[in-house]
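So the structure is just underneath, and the comments pick up after that.
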Amino acid sequence: MGKVIEVNGPLVTIQLPNIRNGEQVRIGKLGLMGEVINLREANALVQVYESTDSLQPGEHVEGLGKPLSVELGPGLLGQIFDGIQRPLKKIMELSGEQVIRGLSVAALDREQLWHFVPSANIVSGENLHGGDILGTVQETETIQHRILVPPGSQGEIIKHAPEGDYAVEEVLAHLKDAQGRVHELKMYHEWPVRTPRPYHSRTQSEQPLITGQRILDTFFPLLKGGKAAIPGPFGAGKTMVQQQIARWANADIVLYVGCGERGNELVDILETFPQLTDPHSGHPLMERTFLVANTSNMPVVAREASIYVGVTMAEYFRDQGYDVVMVADSTSRWAEALREVAGRLGQMPVEEGYPAYLASRLAAFYERAGSINTLSGDTGSVTLIGAVSPPGGDFSEPVTSHTKEIIRTFWALSKPLADARHYPAISWIESFSGYESRAKQWWADHIDPSWSHRRKQALSLLTQADELERIVNLVGPEALSSTQRWVLESANLIKDGLLQQSALDEIDSYCAPEKQFAMLEIILRFHEMGQELITLGTPVEQLTQLPDNSKIRRMKSTFGNDQSEQLQEFGNNLWEKLDKIRAEYASTSEIAR
Amino acid sequence: MKQLEYRHVTAARGSLLFLKGGAHAALGERVSIRDKEGTIRNGQVIRTSEKMVLVQVFESTNNLDIENTWVRYLDTPFELALSPDMLGRVFNGIGEPRDSRPPIVSSVVRSVNGAPVNPAARAYPREFIQTGISTIDGLNSLIRGQKLPIFSGSGLPHNRLAAQIVRQAKLPDDASNFVIVFAAMGVSHSDTHFFQSEFESSGVLRNVVMFTNLANDPPMERLILPRTALTAAEYLAYELDHHVLVVITDMTNYAEALREVATEKGDVPSRKGYPGYLYSDLAEIYERAGRIQNRHGSITLIPILSMPSDDITHPIPDLTGYITEGQIVLSRELNSMSIYPPVNVPPSLSRLMKDGIGRDYTRDDHPRVASQLYSSYTRALEARNLASIIGSEELSQRDQSFIKFANAFENQFIQQGEDEERSIIETLDLSWELLSRLPPEELSRVTEEDIQKYHSWDSSLG
């Protein structure tokens, strides 16, 4: 038994013999949860995950003998957990609408029975290793939960349970290892959150993560197992982009970590996702989704933990052979939690008060993304997408600039675009993707071989237009040639018709890759044919006043994902019309000649 | 321990009082401090150990001496007694009456810090509040349970705008009125008086609870005042089933008081000297707005803050914008053109608008019209910019019609009287009247059906 020596905000100095660094402790009458972060002679420094209000020196402290760990087993999906994996719906039943301090609630429901089907190779005498699949539980209609032998356990099966309904605490198998020790295997196991889970080997992913968002998929692709960041000032639509990814990404499991953000955003997901269907499986989205919530008014230290709690659960599903997407909103709040603890520890601040280890912590976190071969010989991936909230929208601040060096896909949000209500407000100038060369193969195999070429053309049109606009702003539009004005018009068509996408429009919210490419193709071909007409002498006005311009701008919400034929026909009609104009001008220019 | 008085001050500095440990002071505990004249000051334990206790004194440590200062630990955090009798009353930051009437006596007593609301217990805010102001209703709708700040600057009419919202806010189909909690920190006497007479003249005074800390009151009290006010609001909303509108002014004064204490404590500063925890601290206040499942009442929060030198990237508006669900930004330029309310449309935003408008709440075309107005107005501003460089004669016909649109938009849509209450249908009809000055092919955010139904393009006007 130890005691409290000093209380300084979320940091508590305790005296407790034999305590280890990283060990969890329970503090005081209320039983507040905390974690030892520093040992100094006889004293230990604890960061407490809950508010330390009303805590006094002299209150007792006990060590729990293990580091911060999460429970991994059936019953995670569809749930909302707090920053240290306590189930918030259960907490609501126990303590009402406010989170009472010191509650100790297991993450997984101990009462619920799951129908367990043992794997075929589970027979007495067989040898099992960590990561092997003991059996399966159909957790939701879409997700079959594979019960894993915890990494680190191995041995010969001496006893095992038959198919049937079990609660998570029941022992399903006994393993005897080489030393003769017996391991009891249950439906769940625990894993310390700050230790990455082991895997067999890393693989090179070639599969793009399809989100149904044109600017992401077509222009700045992300691969399964990749790492991406979404930085943006407030009001630029970060949350909306992340929710769209959580909704439509072609992953098996989606984990949304609300780290220091608004409570209402998580409620929005909890209320809307059960009513939405996954476009890939046709089942309710909530069946593949779960949430970790440490909202901005919840204790700061748990915010630091929430990111690790999330990524450990993501790795667990990866180890079952699933493609997992984890969205972390926002990594800046996580970094600020680091800063707060560092500041109270009196550590030397380096940039804007952040401690020197900010960059290495960020890098280590993003390194937990990846696509891998699991220990049982399957493949799985964790894709990490982190939002960044730079103060004042300044991308040169420490969190954004360090993140930018670590990630491969950068979706930069722009305030001027958001102010014009151009959503998603992702800047085509500042964003980049280091995965384009690998995504190209998939698009070529599944959609169209010219994808990479067309994408470059569109991007180059956008860059040219940006330059031309600068000229216009200096000397006015009259200074431009007809071809240049046509470039501007086409770039605007790309912006309005392709890049802009309404999350609220039923048809436009998710855009299948086939439709994305078909739209890109139509706009670029319209541009090319227009250019040809202009060289023949057609005035730009005649082209811009065609009613088809506004039809092209609206094709995203006119044609559904299953209406590719109609879209094709729309294009054909357009080409016919332009051919007619060309015929007119071609003949006149011949006469002139 | 309540009875014991300690005389164990070891040092005093600014608003901080250092005491010997050993009294088992709890973090956040309220203390009362008696000086040699017998005057009582209030303080709060902000750090405690076996050897030393650090107390933050609201009234500052001026005139205290080490020998003749007695400290009493009250065993409780700051608490507020709650009763329906609070309505119509004026209190200071810690809930003591300022209106020379007796203090509130009640068996319902709550800690002013509250406890974080379980996100799983929240209900998503969806009901449209009509404020009668076109720039808010039409473009940045206020939703019941939202936190929507007004970003202003010195000399801009944020108080008049807030007062107009308070006067006019209602649900289109609900007669029940809002109860108002008004919290003022470091504001001038005349500003407080303005609100008081506003409430009086509109006859809502009996439905208002005021918490005031004037510019010459102790600044440290500002740190607790919004918490006290929100504790009262929570009681009115969740226990008495009222819909509560909370107006807090001015959050900049709050943040400055926080910075002052942080500096005294020696906390590591992050930006502009504000402590790194400014974000979490502001969130503790703002996140107390909202709706809760199975509760009838709600808390809608309108914080007002003045942006230092009109800089929206200053830490206070910046961090606020990351927490709140949008912002109404006021513009000095519009104000100097005598446009009231001078709402700067492009940077203003309401995040909850998408779920509280449209077919079920206002009118089917509302979301698209709002998006179209935004897009057309920003396009028009670009054209105006261009005109200032190359002269308006050089502009294309199309750009000129956009500039005309912008002028009309500012003078008819943004501009409105302080007593003018426009229904949302009037606002939407006005929007179409303005959009009709633009050719239909320029309107890509609305559907073709919308155009047929509402757009009356007259090319002679363009």
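The values are calculated or read from the model by the stated rules, or taken from the named source; none is laboratory data. Model, not experiment: these values are computed from the prediction. Cβ: placed from backbone, ideal geometry, glycine included. Neighbour counts: every protein chain shown. With ligands, DNA and RNA removed, areas are computed over all heavy atoms of the protein, side chains included. Shrake-Rupley method; radii C 1.70, N 1.55, O 1.52, S 1.80 Å.
Within region B:299-320, no residue that is away from chain A (no Cβ under 12 Å) sits with its Cβ atom under 6 Å from a residue that is aliphatic (A, V, I, L, M) and open to solvent by 30 Å² or more (accessible area, probe 1.4 Å) at 6+ positions apart or across chains.
When the test is whether a residue is at pLDDT below 95 and either buried (at least 17 other Cβ atoms within 10 Å of the Cβ) or assigned to a loop (DSSP other than H, G, I, E, B) (or both), B:Ile312 passes it. Of everything in region A:236-293 that's in a strand (DSSP E or B) and within 13 Å of chain B (Cβ to nearest Cβ), which residue is surrounded by the most Cβ atoms within 10 Å (Cβ to Cβ)? Checking each candidate, the answer is A:Val257. Selection of first residues in region B:104-128 that are at the interface with chain A (Cβ under 9 Å from one of its Cβ atoms) and of second residues that are open to solvent by 40 Å² or more (accessible area, probe 1.4 Å) and in a strand (DSSP E or B), restricted to Cβ pairs under 8 Å at least 6 apart or on distinct chains, gives the following pairs, ordered by first then second residue: B:Ser111/B:Glu79; B:Gly114/A:Gln98; B:Ala115/A:Gln98; B:Pro116/A:Gln98; B:Val117/A:Gln98; B:Asn118/A:Gln98; B:Ala121/A:Gln98.
Working only within region A:7-26, note down all residues that are over 35 Å from the mean Cα position of the chain (by Cα) and open to solvent by 40 Å² or more (accessible area, probe 1.4 Å). Step through it out loud before you land on a result.
First pass over region A:7-26, keeping only residues over 35 Å from the mean Cα position of the chain (by Cα): A:7, A:13-19.
Within region A:7-26, A:Gln15, A:Pro17, A:Asn18 meet the criteria.
In region A:295-324, the residues that are more than 14 Å from chain B (Cβ to nearest Cβ) and without any contact (Cβ under 8 Å) to a residue 60 or more places away in the chain form Cβ pairs under 8 Å with partners that are assigned to a helix (DSSP H, G or I) and open to solvent by less than 10 Å² (accessible area, probe 1.4 Å), at six or more places apart or across chains, as follows: A:Ile307/A:Thr331; A:Ile307/A:Trp334; A:Ile307/A:Phe365. Does region A:517-552 hold any residues that are under 22 Å from B:Ser396 (Cα atoms), within 14 Å of chain B (Cβ to nearest Cβ) and either in contact with a helix residue (DSSP H, G or I) (Cβ under 6 Å, 6 or more places away or on another chain) or assigned to a loop (DSSP other than H, G, I, E, B) (or both), and which are they? Residues satisfying the conditions are A:Pro539, A:Val540, A:Leu543, A:Thr544, A:Gln545, A:Leu546, A:Pro547, A:Asp548, A:Ser550. Scanning region B:325-339 for residues that are touching a helix residue (DSSP H, G or I) at 6+ places or on another chain (Cβ under 8 Å), open to solvent by 20 Å² or more (accessible area, probe 1.4 Å) and not basic (Lys, Arg) yields a single hit, B:Met337. On the stretch given as region A:27-43, residues that are of a type in the set (A, V, I, L, M), more than 17 Å from A:Ser306 (Cα to Cα) and either within 32 Å of the chain's Cα centre (by Cα) or within 14 Å of another protein chain (Cβ to nearest Cβ) (or both) total 3. Could you say whether any residue in region A:441-450 is out of contact with any helix residue (DSSP H, G or I) (no Cβ under 8 Å at 6 or more places or on another chain) and either within 14 Å of chain B (Cβ to nearest Cβ) or on the phi > 0 side of the Ramachandran plot (or both)? Scanning region A:441-450 turns up no residue that is out of contact with any helix residue (DSSP H, G or I) (no Cβ under 8 Å at 6 or more places or on another chain) and either within 14 Å of chain B (Cβ to nearest Cβ) or on the phi > 0 side of the Ramachandran plot (or both).
Residue by residue, here is whether (1) within 22 Å of A:Ala167 (Cβ to Cβ); (2) modelled with pLDDT of 95 or more holds:
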{"position": "A:Gly22", "(1), (2)": "no, no"}
{"position": "A:Ile27", "(1), (2)": "no, yes"}
{"position": "A:Leu39", "(1), (2)": "no, no"}
{"position": "A:Thr52", "(1), (2)": "no, no"}
{"position": "A:Gln56", "(1), (2)": "no, no"}
{"position": "A:Leu72", "(1), (2)": "yes, yes"}
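Conditions tested, residue by residue: (1) of a type outside the set (Ser, Thr, Tyr); (2) farther than 22 Å from A:Val325 by Cβ; (3) assigned to a helix (DSSP H, G or I); (4) open to solvent by less than 30 Å² (accessible area, probe 1.4 Å).
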residue: A:Thr142; (1), (2), (3), (4): no, no, no, no
residue: A:Arg146; (1), (2), (3), (4): yes, no, no, no
residue: A:Gln179; (1), (2), (3), (4): yes, yes, no, no
residue: A:Glu184; (1), (2), (3), (4): yes, yes, no, no
residue: A:Glu190; (1), (2), (3), (4): yes, yes, no, no
residue: A:Tyr199; (1), (2), (3), (4): no, no, no, no
residue: A:Thr218; (1), (2), (3), (4): no, no, yes, yes
residue: A:Gly225; (1), (2), (3), (4): yes, no, no, yes
residue: A:Ile230; (1), (2), (3), (4): yes, no, no, yes
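Out of A:Leu64, A:Leu77, which single residue is surrounded by 17 or more Cβ atoms within 10 Å (Cβ to Cβ) and away from chain B (no Cβ under 14 Å)? Of A:Leu64, A:Leu77, the one residue that is surrounded by 17 or more Cβ atoms within 10 Å (Cβ to Cβ) and away from chain B (no Cβ under 14 Å) is A:Leu77.
Remark: B:Glu59 falls outside the filter, which requires a residue to be at the interface with chain A (Cβ under 9 Å from one of its Cβ atoms), crowded, with 18+ Cβ neighbours inside 10 Å and of a type outside the set (S, T, N, Q).
If the condition is being small (Gly, Ala, Ser), under 21 Å from B:Leu438 (Cα atoms), open to solvent by less than 10 Å² (accessible area, probe 1.4 Å) and touching a residue at least 24 places away in the same chain (Cβ under 8 Å), then region B:340-394 contributes B:Ala370, B:Ser376, B:Ala380.
Would it be correct to say that A:Ala503 is modelled with pLDDT of 95 or more, open to solvent by less than 60 Å² (accessible area, probe 1.4 Å) and either in the same structural domain as A:Phe559 (by TED's automatic domain parsing) or within 24 Å of B:Ser388 (Cβ to Cβ) (or both)? Spelling it out, it is not the case that A:Ala503 is modelled with pLDDT of 95 or more, open to solvent by less than 60 Å² (accessible area, probe 1.4 Å) and either in the same structural domain as A:Phe559 (by TED's automatic domain parsing) or within 24 Å of B:Ser388 (Cβ to Cβ) (or both). Here is the figure for region B:224-260: residues that are touching a residue at least 40 places away in the same chain (Cβ under 8 Å), of a type in the set (A, V, I, L, M) and in a helix (DSSP H, G or I) total 10.
In this structure, is B:Leu19 open to solvent by less than 20 Å² (accessible area, probe 1.4 Å) and part of a strand (DSSP E or B)? Yes, satisfied.
Right, B:Arg101: basic (Lys, Arg), on the phi < 0 side of the Ramachandran plot, part of a loop (DSSP other than H, G, I, E, B) and more than 14 Å from chain A (Cβ to nearest Cβ) or not? Yes: the conditions hold for B:Arg101. Restricting attention to region B:112-147, report how many residues are open to solvent by less than 10 Å² (accessible area, probe 1.4 Å), aliphatic (A, V, I, L, M) and in a loop (DSSP other than H, G, I, E, B). Number satisfying all stated conditions: 2.
Residues in region B:422-438 that are surrounded by fewer than 17 Cβ atoms within 10 Å (Cβ to Cβ) and not β-branched (Val, Ile, Thr): B:Ser423, B:Glu426, B:Asp429, B:Glu433. Taken over region B:351-376, residues that are at negative phi, facing another protein chain (nearest Cβ under 10 Å) and either not in a loop (DSSP other than H, G, I, E, B) or not hydrophobic (A, V, I, L, M, F, W, C) (or both) amount to 12.
All of (1) modelled with pLDDT under 95; (2) within 14 Å of chain B (Cβ to nearest Cβ) hold for A:Leu358 with one exception: (1).
Applying the criterion of being in a loop (DSSP other than H, G, I, E, B) and hydroxyl-bearing (Ser, Thr, Tyr) to the residues of region B:73-97, the residue that is nearest to the other protein chains (Cβ to nearest Cβ) is B:Thr76.
Scanning region A:35-61 for residues that are under 20 Å from A:Ala293 (Cβ atoms), of a type outside the set (Asp, Glu) and open to solvent by less than 20 Å² (accessible area, probe 1.4 Å) yields A:Gln47, A:Val48, A:Tyr49. Residues that are open to solvent by less than 30 Å² (accessible area, probe 1.4 Å) and hydrophobic (A, V, I, L, M, F, W, C) were ranked within region A:455-481; the one that is nearest to the other protein chains (Cβ to nearest Cβ) is A:Val472.
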